[in-house]
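Scroll down for the structure; my scribbles are underneath it.
The values are calculated or read from the model by the stated rules, or taken from the named source; none is laboratory data. Here the structure is a predicted model, which means the values were calculated and not measured. We place every Cβ from the backbone using ideal geometry, glycine too, and count neighbours over all the protein chains shown. Surface areas here come from the heavy atoms of the whole protein model, side chains and all, with no ligands, DNA or RNA. Shrake-Rupley method; radii C 1.70, N 1.55, O 1.52, S 1.80 Å.
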Amino acid sequence: MSSDKEEKSYKEIIKEYLNTIKSKINGITKKQCIITIVFFVISLCVWINIVVAKYDKRVYPGVSIYQEDISGMTNNELREKLEVLKKEINEKEVKIKIKKNTYVLSMNDIILNYNIDKLYEDIVNENKDKNILEKFITIIKNKEKNYKFNIDINEDKIVRCGYIIDKENSIKPLEPKVIIDNEVVKLKEGKTGKRLDLSRLIKNILYSVNNKNIYREDIVINCKEINEQPTIKIDSLKNINHKISSYSTSYASGGGRGDNIEVAAKKIDDLLLMPGEEFSYEKALGPIDREHGYKNAPVIINGDLKDGIGGGVCQVSSTLYNTQLKSGILPTERRNHSKPVNYVPRGLDATLATGSIDYKFKNTLEYPIVINTKTSNNLLTIEFWSNEKSLDGIEYEAVGYSSGKVANTYLYGYNEKGKKVYEKHIDTSVYR
(Lines give C-alpha, C1' and ligand atoms only; values in the text may rest on other atoms or scores of the structure.)
Protein backbone atom coordinates (compact mmCIF):
# COMPACT_ATOMS: atom_id res chain seq x y z
CA MET A 1 0.00 0.00 0.00
CA SER A 2 1.13 3.60 -0.60
CA SER A 3 1.49 6.09 2.24
CA ASP A 4 1.04 9.85 2.48
CA LYS A 5 4.88 10.16 2.75
CA GLU A 6 5.35 8.19 -0.44
CA GLU A 7 2.76 10.22 -2.36
CA LYS A 8 4.31 13.50 -1.18
CA SER A 9 7.68 12.35 -2.58
CA TYR A 10 6.22 12.26 -6.09
CA LYS A 11 5.30 15.93 -5.83
CA GLU A 12 8.57 16.81 -4.19
CA ILE A 13 10.63 15.07 -6.90
CA ILE A 14 8.76 16.95 -9.63
CA LYS A 15 9.29 20.18 -7.77
CA GLU A 16 13.01 19.42 -7.38
CA TYR A 17 13.28 18.69 -11.10
CA LEU A 18 11.66 22.02 -11.93
CA ASN A 19 13.95 23.88 -9.52
CA THR A 20 17.00 22.09 -10.94
CA ILE A 21 16.05 23.05 -14.47
CA LYS A 22 15.43 26.62 -13.43
CA SER A 23 18.84 26.89 -11.74
CA LYS A 24 20.68 25.31 -14.63
CA ILE A 25 18.95 27.32 -17.35
CA ASN A 26 20.47 30.52 -16.02
CA GLY A 27 23.91 30.98 -17.54
CA ILE A 28 23.86 28.04 -19.97
CA THR A 29 23.76 27.98 -23.72
CA LYS A 30 20.63 27.44 -25.76
CA LYS A 31 21.84 24.01 -26.78
CA GLN A 32 22.52 23.03 -23.21
CA CYS A 33 19.09 24.34 -22.24
CA ILE A 34 17.38 22.20 -24.85
CA ILE A 35 19.34 19.14 -23.76
CA THR A 36 18.41 19.78 -20.14
CA ILE A 37 14.71 20.16 -20.95
CA VAL A 38 14.69 17.04 -23.11
CA PHE A 39 16.44 15.13 -20.33
CA PHE A 40 13.88 16.35 -17.85
CA VAL A 41 10.94 15.43 -20.07
CA ILE A 42 12.35 11.98 -20.68
CA SER A 43 13.03 11.50 -16.97
CA LEU A 44 9.54 12.70 -16.12
CA CYS A 45 7.96 10.34 -18.61
CA VAL A 46 9.98 7.47 -17.22
CA TRP A 47 8.96 8.44 -13.72
CA ILE A 48 5.28 8.72 -14.70
CA ASN A 49 5.43 5.27 -16.28
CA ILE A 50 7.07 3.83 -13.17
CA VAL A 51 4.44 5.36 -10.88
CA VAL A 52 1.50 4.29 -13.07
CA ALA A 53 2.98 0.82 -13.63
CA LYS A 54 3.19 0.35 -9.87
CA TYR A 55 -0.62 0.50 -9.70
CA ASP A 56 -1.22 -1.75 -12.66
CA LYS A 57 -3.60 -4.44 -11.26
CA ARG A 58 -3.60 -2.68 -7.89
CA VAL A 59 -6.12 -0.45 -6.13
CA TYR A 60 -5.34 3.25 -6.57
CA PRO A 61 -4.45 5.50 -3.61
CA GLY A 62 -7.31 6.99 -1.56
CA VAL A 63 -9.70 4.11 -2.15
CA SER A 64 -11.53 2.56 0.81
CA ILE A 65 -14.47 0.25 1.53
CA TYR A 66 -16.65 1.22 4.49
CA GLN A 67 -13.92 3.74 5.42
CA GLU A 68 -11.23 1.01 5.52
CA ASP A 69 -8.21 1.80 3.32
CA ILE A 70 -7.62 -0.73 0.56
CA SER A 71 -5.23 1.31 -1.64
CA GLY A 72 -2.31 -0.67 -3.05
CA MET A 73 -4.07 -4.01 -2.79
CA THR A 74 -3.60 -6.40 -5.68
CA ASN A 75 -6.71 -7.56 -7.49
CA ASN A 76 -6.52 -10.93 -5.75
CA GLU A 77 -6.15 -9.25 -2.36
CA LEU A 78 -9.15 -7.06 -3.19
CA ARG A 79 -11.27 -10.08 -4.02
CA GLU A 80 -10.28 -11.75 -0.74
CA LYS A 81 -11.00 -8.55 1.18
CA LEU A 82 -14.51 -8.34 -0.27
CA GLU A 83 -15.25 -11.90 0.85
CA VAL A 84 -13.99 -11.10 4.36
CA LEU A 85 -16.18 -8.01 4.50
CA LYS A 86 -19.19 -10.02 3.38
CA LYS A 87 -18.61 -12.59 6.11
CA GLU A 88 -18.23 -9.94 8.81
CA ILE A 89 -21.34 -8.04 7.69
CA ASN A 90 -23.31 -11.30 7.75
CA GLU A 91 -22.54 -11.53 11.46
CA LYS A 92 -24.09 -8.13 12.16
CA GLU A 93 -27.73 -7.59 13.16
CA VAL A 94 -30.66 -5.27 12.58
CA LYS A 95 -32.16 -4.34 15.94
CA ILE A 96 -35.72 -3.06 15.69
CA LYS A 97 -36.95 -1.20 18.76
CA ILE A 98 -40.56 -0.38 19.58
CA LYS A 99 -41.75 0.70 23.01
CA LYS A 100 -39.77 -1.49 25.43
CA ASN A 101 -39.33 -4.37 23.00
CA THR A 102 -36.39 -5.17 20.72
CA TYR A 103 -36.63 -7.50 17.73
CA VAL A 104 -33.50 -8.82 16.01
CA LEU A 105 -32.97 -9.69 12.37
CA SER A 106 -29.70 -11.27 11.26
CA MET A 107 -28.04 -9.60 8.27
CA ASN A 108 -27.48 -13.07 6.90
CA ASP A 109 -31.26 -13.61 6.90
CA ILE A 110 -32.26 -10.44 5.09
CA ILE A 111 -29.43 -9.98 2.55
CA LEU A 112 -30.02 -11.76 -0.72
CA ASN A 113 -26.96 -10.59 -2.67
CA TYR A 114 -23.93 -8.41 -2.00
CA ASN A 115 -23.19 -8.00 -5.72
CA ILE A 116 -19.49 -8.58 -5.03
CA ASP A 117 -18.59 -8.98 -8.69
CA LYS A 118 -20.11 -5.61 -9.50
CA LEU A 119 -18.19 -3.84 -6.72
CA TYR A 120 -14.97 -5.58 -7.69
CA GLU A 121 -15.33 -4.48 -11.30
CA ASP A 122 -16.20 -0.93 -10.29
CA ILE A 123 -13.00 -0.63 -8.24
CA VAL A 124 -10.51 -2.28 -10.61
CA ASN A 125 -11.94 -0.56 -13.68
CA GLU A 126 -12.38 2.89 -12.15
CA ASN A 127 -9.38 4.31 -14.10
CA LYS A 128 -9.31 1.81 -16.93
CA ASP A 129 -10.26 4.24 -19.71
CA LYS A 130 -7.95 7.08 -18.60
CA ASN A 131 -4.71 7.87 -20.42
CA ILE A 132 -1.38 7.51 -18.62
CA LEU A 133 -1.20 11.19 -17.62
CA GLU A 134 -4.74 11.13 -16.19
CA LYS A 135 -3.87 7.98 -14.25
CA PHE A 136 -0.70 9.61 -12.92
CA ILE A 137 -2.60 12.71 -11.81
CA THR A 138 -5.21 10.49 -10.05
CA ILE A 139 -2.42 8.70 -8.19
CA ILE A 140 -0.60 11.81 -6.99
CA LYS A 141 -3.85 13.58 -6.04
CA ASN A 142 -4.65 10.70 -3.68
CA LYS A 143 -8.31 11.76 -3.68
CA GLU A 144 -10.43 9.77 -1.21
CA LYS A 145 -13.17 7.55 -2.60
CA ASN A 146 -15.23 5.25 -0.37
CA TYR A 147 -17.06 2.23 -1.75
CA LYS A 148 -19.89 0.11 -0.34
CA PHE A 149 -21.69 -3.02 -1.42
CA ASN A 150 -24.83 -2.51 -3.47
CA ILE A 151 -26.89 -4.90 -1.37
CA ASP A 152 -30.14 -6.61 -2.41
CA ILE A 153 -32.53 -7.06 0.52
CA ASN A 154 -35.11 -9.79 1.12
CA GLU A 155 -38.07 -7.48 1.77
CA ASP A 156 -40.40 -10.42 2.45
CA LYS A 157 -38.39 -11.30 5.56
CA ILE A 158 -38.72 -7.72 6.81
CA VAL A 159 -42.45 -7.66 6.07
CA ARG A 160 -43.02 -10.94 7.95
CA CYS A 161 -41.06 -9.59 10.90
CA GLY A 162 -43.07 -6.36 10.65
CA TYR A 163 -46.34 -8.26 10.88
CA ILE A 164 -45.15 -9.99 14.05
CA ILE A 165 -44.05 -6.67 15.56
CA ASP A 166 -47.36 -5.05 14.63
CA LYS A 167 -49.40 -7.94 16.04
CA GLU A 168 -47.55 -7.87 19.35
CA ASN A 169 -47.45 -4.10 19.82
CA SER A 170 -50.33 -2.48 17.98
CA ILE A 171 -53.42 -1.23 19.77
CA LYS A 172 -56.58 -1.65 17.76
CA PRO A 173 -58.92 1.32 17.62
CA LEU A 174 -62.13 0.96 19.57
CA GLU A 175 -65.22 1.69 17.53
CA PRO A 176 -67.93 3.83 19.11
CA LYS A 177 -70.78 1.82 20.56
CA VAL A 178 -74.51 2.16 20.95
CA ILE A 179 -75.77 0.73 24.22
CA ILE A 180 -79.47 0.10 24.81
CA ASP A 181 -80.10 0.41 28.54
CA ASN A 182 -83.72 -0.04 29.66
CA GLU A 183 -85.07 1.34 26.37
CA VAL A 184 -82.63 4.28 26.56
CA VAL A 185 -80.10 4.75 23.75
CA LYS A 186 -76.60 5.66 24.97
CA LEU A 187 -73.53 6.42 22.87
CA LYS A 188 -69.99 5.50 23.88
CA GLU A 189 -67.04 7.25 22.21
CA GLY A 190 -64.48 5.23 20.31
CA LYS A 191 -60.73 5.37 20.88
CA THR A 192 -57.79 5.92 18.52
CA GLY A 193 -55.47 2.95 18.08
CA LYS A 194 -51.84 2.66 17.05
CA ARG A 195 -50.09 0.45 14.55
CA LEU A 196 -46.62 -0.03 13.17
CA ASP A 197 -45.62 2.14 10.23
CA LEU A 198 -44.45 -0.87 8.23
CA SER A 199 -43.70 1.11 5.08
CA ARG A 200 -41.33 3.40 6.96
CA LEU A 201 -39.67 0.45 8.72
CA ILE A 202 -38.87 -1.19 5.38
CA LYS A 203 -37.51 2.07 3.95
CA ASN A 204 -35.35 2.69 7.03
CA ILE A 205 -33.82 -0.78 6.88
CA LEU A 206 -33.17 -0.55 3.13
CA TYR A 207 -31.56 2.87 3.54
CA SER A 208 -29.45 1.83 6.54
CA VAL A 209 -28.14 -1.35 4.94
CA ASN A 210 -26.97 0.50 1.84
CA ASN A 211 -25.83 3.76 3.43
CA LYS A 212 -24.59 3.17 6.96
CA ASN A 213 -21.29 1.60 7.96
CA ILE A 214 -22.73 -1.87 8.49
CA TYR A 215 -19.22 -3.33 8.45
CA ARG A 216 -18.45 -1.53 11.70
CA GLU A 217 -21.73 -1.67 13.63
CA ASP A 218 -25.21 -3.16 13.94
CA ILE A 219 -28.20 -1.28 12.57
CA VAL A 220 -30.59 0.10 15.17
CA ILE A 221 -34.06 1.14 13.99
CA ASN A 222 -36.50 2.94 16.26
CA CYS A 223 -39.93 2.06 14.93
CA LYS A 224 -42.49 4.74 14.22
CA GLU A 225 -46.15 4.18 15.00
CA ILE A 226 -49.08 5.81 13.28
CA ASN A 227 -52.54 6.52 14.65
CA GLU A 228 -55.39 4.36 13.44
CA GLN A 229 -58.78 6.01 13.73
CA PRO A 230 -62.06 4.17 14.30
CA THR A 231 -63.83 3.48 11.01
CA ILE A 232 -67.19 4.65 12.39
CA LYS A 233 -67.91 8.28 13.22
CA ILE A 234 -69.97 8.69 16.35
CA ASP A 235 -72.09 11.36 14.64
CA SER A 236 -73.41 8.67 12.27
CA LEU A 237 -74.89 6.84 15.27
CA LYS A 238 -76.84 9.74 16.72
CA ASN A 239 -79.87 8.97 14.54
CA ILE A 240 -80.45 5.61 16.25
CA ASN A 241 -83.54 6.36 18.29
CA HIS A 242 -86.20 3.68 17.76
CA LYS A 243 -86.88 -0.02 18.23
CA ILE A 244 -87.87 -1.25 14.77
CA SER A 245 -88.41 -4.97 15.46
CA SER A 246 -88.46 -7.51 18.26
CA TYR A 247 -88.97 -11.27 18.69
CA SER A 248 -89.00 -13.53 21.72
CA THR A 249 -88.69 -17.28 22.34
CA SER A 250 -88.93 -19.17 25.63
CA TYR A 251 -86.22 -21.45 27.03
CA ALA A 252 -85.39 -23.28 30.24
CA SER A 253 -82.71 -21.34 32.07
CA GLY A 254 -79.89 -23.21 33.77
CA GLY A 255 -78.22 -26.38 32.56
CA GLY A 256 -75.95 -26.60 29.56
CA ARG A 257 -78.53 -25.52 26.99
CA GLY A 258 -79.78 -22.54 28.96
CA ASP A 259 -76.25 -21.37 29.65
CA ASN A 260 -75.31 -21.69 25.96
CA ILE A 261 -78.30 -19.56 24.94
CA GLU A 262 -77.28 -16.84 27.38
CA VAL A 263 -73.62 -16.93 26.29
CA ALA A 264 -74.57 -16.71 22.59
CA ALA A 265 -77.08 -13.91 23.25
CA LYS A 266 -74.42 -11.94 25.11
CA LYS A 267 -72.04 -12.30 22.14
CA ILE A 268 -74.36 -10.38 19.83
CA ASP A 269 -75.66 -7.86 22.38
CA ASP A 270 -75.00 -4.23 21.34
CA LEU A 271 -73.58 -5.43 18.03
CA LEU A 272 -73.59 -2.60 15.49
CA LEU A 273 -74.24 -3.04 11.78
CA MET A 274 -73.64 -0.08 9.51
CA PRO A 275 -75.63 0.27 6.24
CA GLY A 276 -74.40 -2.32 3.74
CA GLU A 277 -72.51 -4.31 6.40
CA GLU A 278 -73.09 -8.07 6.51
CA PHE A 279 -73.64 -9.98 9.73
CA SER A 280 -72.21 -13.49 10.19
CA TYR A 281 -73.54 -15.48 13.13
CA GLU A 282 -70.56 -17.83 13.10
CA LYS A 283 -68.12 -14.92 13.18
CA ALA A 284 -70.08 -13.12 15.91
CA LEU A 285 -70.12 -16.16 18.19
CA GLY A 286 -66.45 -17.01 17.70
CA PRO A 287 -65.14 -20.49 18.56
CA ILE A 288 -67.84 -22.64 20.12
CA ASP A 289 -65.83 -24.47 22.75
CA ARG A 290 -65.42 -24.75 26.51
CA GLU A 291 -62.68 -22.11 26.54
CA HIS A 292 -65.24 -19.55 25.35
CA GLY A 293 -67.95 -20.43 27.83
CA TYR A 294 -69.98 -23.08 25.97
CA LYS A 295 -71.16 -26.34 27.51
CA ASN A 296 -72.46 -29.72 26.45
CA ALA A 297 -76.14 -29.87 25.55
CA PRO A 298 -78.38 -31.71 23.06
CA VAL A 299 -77.86 -30.74 19.41
CA ILE A 300 -79.42 -31.99 16.17
CA ILE A 301 -76.78 -33.84 14.09
CA ASN A 302 -77.93 -35.47 10.83
CA GLY A 303 -81.49 -35.61 12.09
CA ASP A 304 -80.63 -37.15 15.44
CA LEU A 305 -80.51 -35.47 18.84
CA LYS A 306 -77.05 -35.90 20.34
CA ASP A 307 -74.99 -34.36 23.11
CA GLY A 308 -72.50 -31.76 21.88
CA ILE A 309 -70.76 -28.51 22.69
CA GLY A 310 -72.92 -25.44 22.15
CA GLY A 311 -76.37 -27.01 22.05
CA GLY A 312 -78.91 -24.16 22.16
CA VAL A 313 -77.06 -21.54 20.11
CA CYS A 314 -79.42 -22.20 17.20
CA GLN A 315 -82.33 -20.91 19.27
CA VAL A 316 -80.51 -17.60 19.42
CA SER A 317 -79.91 -17.58 15.64
CA SER A 318 -83.56 -18.52 15.00
CA THR A 319 -84.80 -15.77 17.31
CA LEU A 320 -82.46 -13.33 15.59
CA TYR A 321 -83.70 -14.53 12.18
CA ASN A 322 -87.29 -13.63 13.07
CA THR A 323 -86.20 -10.23 14.42
CA GLN A 324 -84.37 -9.62 11.16
CA LEU A 325 -87.41 -10.56 9.04
CA LYS A 326 -89.67 -8.28 11.08
CA SER A 327 -87.38 -5.39 10.11
CA GLY A 328 -87.94 -6.19 6.41
CA ILE A 329 -84.42 -7.54 5.86
CA LEU A 330 -83.87 -10.75 3.86
CA PRO A 331 -81.13 -13.30 4.69
CA THR A 332 -78.06 -13.70 2.50
CA GLU A 333 -77.39 -17.17 3.91
CA ARG A 334 -79.76 -19.36 5.94
CA ARG A 335 -80.45 -23.06 6.38
CA ASN A 336 -83.19 -24.77 8.35
CA HIS A 337 -82.58 -27.59 10.83
CA SER A 338 -82.85 -31.16 9.57
CA LYS A 339 -85.71 -31.67 12.05
CA PRO A 340 -88.34 -29.14 13.14
CA VAL A 341 -87.67 -27.27 16.38
CA ASN A 342 -90.22 -26.35 19.05
CA TYR A 343 -89.24 -22.71 19.74
CA VAL A 344 -90.18 -21.18 16.34
CA PRO A 345 -92.66 -22.19 13.59
CA ARG A 346 -91.49 -24.36 10.72
CA GLY A 347 -89.69 -22.36 8.06
CA LEU A 348 -88.63 -19.68 10.54
CA ASP A 349 -85.61 -21.40 12.07
CA ALA A 350 -81.93 -20.79 11.24
CA THR A 351 -79.27 -23.34 12.07
CA LEU A 352 -75.49 -23.14 12.48
CA ALA A 353 -72.85 -25.79 11.83
CA THR A 354 -69.39 -24.36 12.45
CA GLY A 355 -67.28 -24.47 9.32
CA SER A 356 -70.10 -25.56 6.98
CA ILE A 357 -73.38 -23.75 7.65
CA ASP A 358 -73.60 -20.08 8.63
CA TYR A 359 -76.47 -17.66 9.05
CA LYS A 360 -75.95 -14.24 7.47
CA PHE A 361 -77.84 -11.09 6.53
CA LYS A 362 -76.89 -7.64 5.32
CA ASN A 363 -78.13 -4.34 6.71
CA THR A 364 -80.10 -3.05 3.72
CA LEU A 365 -81.53 -0.07 5.59
CA GLU A 366 -80.31 3.50 5.20
CA TYR A 367 -79.48 3.68 8.91
CA PRO A 368 -77.27 1.72 11.31
CA ILE A 369 -78.78 -1.18 13.26
CA VAL A 370 -77.99 -2.12 16.86
CA ILE A 371 -78.83 -5.62 18.08
CA ASN A 372 -80.11 -5.69 21.64
CA THR A 373 -80.55 -8.98 23.50
CA LYS A 374 -82.29 -9.82 26.78
CA THR A 375 -82.37 -13.11 28.70
CA SER A 376 -84.56 -13.12 31.78
CA ASN A 377 -87.48 -15.10 33.23
CA ASN A 378 -86.87 -17.96 30.75
CA LEU A 379 -87.41 -15.59 27.84
CA LEU A 380 -84.94 -14.71 25.10
CA THR A 381 -85.74 -11.40 23.40
CA ILE A 382 -83.81 -9.90 20.50
CA GLU A 383 -84.47 -6.36 19.29
CA PHE A 384 -83.29 -4.26 16.35
CA TRP A 385 -82.82 -0.56 17.05
CA SER A 386 -82.40 1.97 14.25
CA ASN A 387 -84.03 5.20 13.11
CA GLU A 388 -87.77 5.74 13.34
CA LYS A 389 -87.90 6.41 9.60
CA SER A 390 -85.92 3.33 8.58
CA LEU A 391 -88.98 1.15 7.73
CA ASP A 392 -91.03 3.95 6.10
CA GLY A 393 -93.98 3.13 8.34
CA ILE A 394 -94.21 -0.47 7.10
CA GLU A 395 -94.79 -3.31 9.56
CA TYR A 396 -93.34 -6.64 8.45
CA GLU A 397 -94.56 -10.13 9.28
CA ALA A 398 -92.95 -13.48 8.40
CA VAL A 399 -95.18 -16.56 7.96
CA GLY A 400 -94.22 -20.19 7.40
CA TYR A 401 -96.80 -22.31 5.58
CA SER A 402 -96.29 -26.00 6.35
CA SER A 403 -97.38 -28.96 4.27
CA GLY A 404 -96.05 -32.29 5.44
CA LYS A 405 -92.26 -32.05 5.74
CA VAL A 406 -92.07 -28.84 3.68
CA ALA A 407 -92.53 -25.26 4.81
CA ASN A 408 -92.62 -22.22 2.52
CA THR A 409 -91.79 -18.92 4.16
CA TYR A 410 -93.18 -15.57 3.03
CA LEU A 411 -92.53 -12.04 4.20
CA TYR A 412 -95.39 -9.55 4.12
CA GLY A 413 -95.37 -5.80 4.65
CA TYR A 414 -98.31 -3.67 5.76
CA ASN A 415 -98.61 0.10 5.74
CA GLU A 416 -100.04 2.22 8.57
CA LYS A 417 -103.59 1.54 7.31
CA GLY A 418 -103.06 -2.22 7.45
CA LYS A 419 -102.88 -2.59 3.68
CA LYS A 420 -100.46 -5.20 2.34
CA VAL A 421 -97.82 -3.38 0.31
CA TYR A 422 -95.11 -6.03 0.21
CA GLU A 423 -94.98 -9.77 -0.39
CA LYS A 424 -91.90 -11.96 -0.91
CA HIS A 425 -91.34 -15.72 -0.94
CA ILE A 426 -88.18 -16.16 1.12
CA ASP A 427 -87.32 -19.83 1.28
CA THR A 428 -88.51 -23.44 1.13
CA SER A 429 -87.49 -25.52 4.12
CA VAL A 430 -87.51 -29.32 3.96
CA TYR A 431 -87.44 -31.36 7.17
CA ARG A 432 -86.99 -35.07 7.86
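Of note:
- Residue match in the range 135-157 (condition: farther than 15 Å from A53 by Cα, of a type in the set (V, I, T) and outside any loop (DSSP other than H, G, I, E, B)): yes
- You will find that of T373, T319, T351, the residue that is in a loop (DSSP other than H, G, I, E, B) and either under 27 Å from E397 (Cα atoms) or open to solvent by less than 40 Å² (accessible area, probe 1.4 Å) (or both) is T351 and no other.
- Listed by first and then second residue, the pairs linking a residue in the range 165-176 that is within 12 Å of K194 (Cβ to Cβ) and open to solvent by less than 40 Å² (accessible area, probe 1.4 Å) to a residue that is outside any loop (DSSP other than H, G, I, E, B) and among the polar types (S, T, N, Q), with Cβ atoms under 7 Å apart and 6 or more places separating them unless they lie on different chains, are N169/N101.
- Of the numbered criteria (1) closer than 30 Å to S390 by Cα; (2) open to solvent by 30 Å² or more (accessible area, probe 1.4 Å), the one G286 fails is (2).
- The condition (being surrounded by 13 or more Cβ atoms within 10 Å (Cβ to Cβ) and within 36 Å of the chain's Cα centre (by Cα)) is satisfied by just one residue among L78, L105, L44: L105.
- D156 vs. criteria more than 30 Å from N372 (Cβ to Cβ), out of contact with any Leu (no Cβ under 9 Å at 6 or more places or on another chain) and free of Cβ contacts under 8 Å to residues at least 60 places away in the same chain: yes
- Residues located in the range 158-175, provided they are of a type in the set (S, T, Y) and assigned to a helix (DSSP H, G or I): Y163
- Scanning the range 249-274 for residues that are farther than 20 Å from V178 by Cβ, at pLDDT 95 or above and surrounded by fewer than 15 Cβ atoms within 10 Å (Cβ to Cβ) turns up just one, S250.
- Listed by first and then second residue, the pairs linking a residue in the range 68-90 that is hydroxyl-bearing (S, T, Y) to a residue that is open to solvent by 10 Å² or more (accessible area, probe 1.4 Å), with Cβ atoms under 8 Å apart and 6 or more places separating them unless they lie on different chains, are S71/M1; S71/S2; S71/Y60; S71/G62; S71/V63; S71/S64; T74/K57; T74/R58.
- Matching option when the condition is in contact (Cβ under 8 Å) with a residue 12 or more places away in the chain and open to solvent by less than 20 Å² (accessible area, probe 1.4 Å), among S429, S402: S429
- Some residue of the range 275-283 being under 23 Å from E383 (Cα atoms), open to solvent by 70 Å² or more (accessible area, probe 1.4 Å) and among the hydrophobic types (A, V, I, L, M, F, W, C): no
- Residue count for the range 63-79, restricted to those that are closer than 14 Å to N146 by Cα, aliphatic (A, V, I, L, M) and assigned to a loop (DSSP other than H, G, I, E, B): 1
- Filtered residues of the range 275-287 (kept if more than 17 Å from T373 (Cβ to Cβ) and in a loop (DSSP other than H, G, I, E, B)): P275, G276, E277, P287
- Residue within the range 122-143 that is modelled with pLDDT of 90 or more, within 24 Å of K87 (Cα to Cα), surrounded by 13 or more Cβ atoms within 10 Å (Cβ to Cβ) and over 18 Å from the mean Cα position of the chain (by Cα) present: yes
- One residue alone among E291, E262 is touching a Ser or Thr at 6+ places or on another chain (Cβ under 6 Å) and over 20 Å from E397 (Cα atoms), and that residue is E262.
- Residue pairs whose Cβ atoms lie under 7 Å apart, sitting 6 or more positions apart in sequence or on different chains, and linking a residue in the range 223-236 that is more than 18 Å from L273 (Cα to Cα) to a partner that is open to solvent by 100 Å² or more (accessible area, probe 1.4 Å) and outside any strand (DSSP E or B), are K224/R200.
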